[in-house]
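The values are calculated or read from the model by the stated rules, or taken from the named source; none is laboratory data. Just so it is clear, the structure is predicted and the values come from calculations on it, not from any experiment. Reconstructed Cβ throughout: ideal geometry from the backbone, glycine too, with neighbour counts over all protein chains shown.
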Amino acid sequence: MLSADFANLGRDVEMINQSEADWFHLDVMDGVFVPNISFGFPVIKAIQKLATKPFDVHLMIVQPERYIDAFKAVGTDILSVHYEACTHLHRTIFAIKEAGMKAGVALNPHTPVHLLKPIIADIDLVCMMSVNPGFGGQKFIEHTYQKCAELKDMILKANANCLIEIDGGVNDLTAPLLLNAGANVLVAGNYVFGSADPTKTISLLKHLFSNTTKLS
């Protein structure tokens, strides 16, 4: 939703409701962990009143553990925190689960996937950044394909039930390659909202994938 028209937010929320997208992906930035500020609880509450699909919230903030209960209160279904922002990641993951949400861990482009090996069986989703976090519309980082394949192999070897989400630079060219590399969830923001017909663009992306792949 970071790429939506905030002057017409209700219209864009309803478009997502009526589209083939599976989730609402909400990027929350604090201007500290990343060099940008997005939106907070008032905007999320406004979206919640209209949304009919699950909330996938990606926290790009310092000390995310302070806000776990608050994000549950505004309807979050999946809450992802950055590996790089959590001193006590294991504790934070289980606090998210105890609050009644699925727990995700996000990785910056430079962070190797093997660092998640000790906890891969405990998390529900890995949000792999394929651009540097903070701003939409950035160029896709090609190394993401290899990282995605490495993460998929690690998940299979651990017999874990963890989804791989790719966030950044998703379009009709990168999406099939990401799926082949093992991705399950694709976040498409600028590519969708910047198109002439966002609903059609979502449909075209969705039909590139198998029925088990989710688009948000």
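Structure data summary
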| item | result |
| --- | --- |
| Subset of region 24-48 [more than 21 Å from residue 186 (Cα to Cα) and of a type in the set (D, E, K, R)] | 30, 45 |
| Those residues of region 172-197 which are within 21 Å of residue 16 (Cα to Cα) and part of a loop (DSSP other than H, G, I, E, B), in sequence order | 172, 184, 188, 189, 194, 195, 196, 197 |
| Residue, surrounded by the most Cβ atoms within 10 Å (Cβ to Cβ), within region 40-93, restricted to residues that are over 20 Å from residue 132 (Cβ atoms) and of a type in the set (S, T, N, Q) | 76 |
| Residue tally, condition loosely packed, with under 15 Cβ neighbours inside 10 Å, free of Cβ contacts under 8 Å to residues at least 60 places away in the same chain and not in a helix (DSSP H, G or I), over region 1-39 | 3 |
| Test: residue 155 is on the phi < 0 side of the Ramachandran plot, in contact with a Gly (Cβ under 9 Å, 6 or more places away or on another chain) and either in a strand (DSSP E or B) or of a type in the set (Lys, Arg) (or both) | no |
| Cross-chain or 6+ apart pairs with Cβ under 8 Å, region 164-179 first and within 15 Å of residue 128 (Cα to Cα), then in a loop (DSSP other than H, G, I, E, B) and among the basic types (Lys, Arg) | 169/139 |
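So that you can scan it fast, the table gives a plain yes or no per residue for (1) out of contact with any strand residue (DSSP E or B) (no Cβ under 7 Å at 6 or more places or on another chain); (2) of a type outside the set (S, T, N, Q); (3) closer than 28 Å to residue 17 by Cα; (4) at pLDDT 95 or above:
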{"position": "37", "(1), (2), (3), (4)": "no, yes, yes, no"}
{"position": "56", "(1), (2), (3), (4)": "no, yes, yes, yes"}
{"position": "59", "(1), (2), (3), (4)": "no, yes, yes, yes"}
{"position": "69", "(1), (2), (3), (4)": "yes, yes, yes, yes"}
{"position": "83", "(1), (2), (3), (4)": "no, yes, no, yes"}
{"position": "92", "(1), (2), (3), (4)": "no, no, no, yes"}
{"position": "96", "(1), (2), (3), (4)": "no, yes, yes, yes"}
{"position": "112", "(1), (2), (3), (4)": "yes, yes, no, yes"}
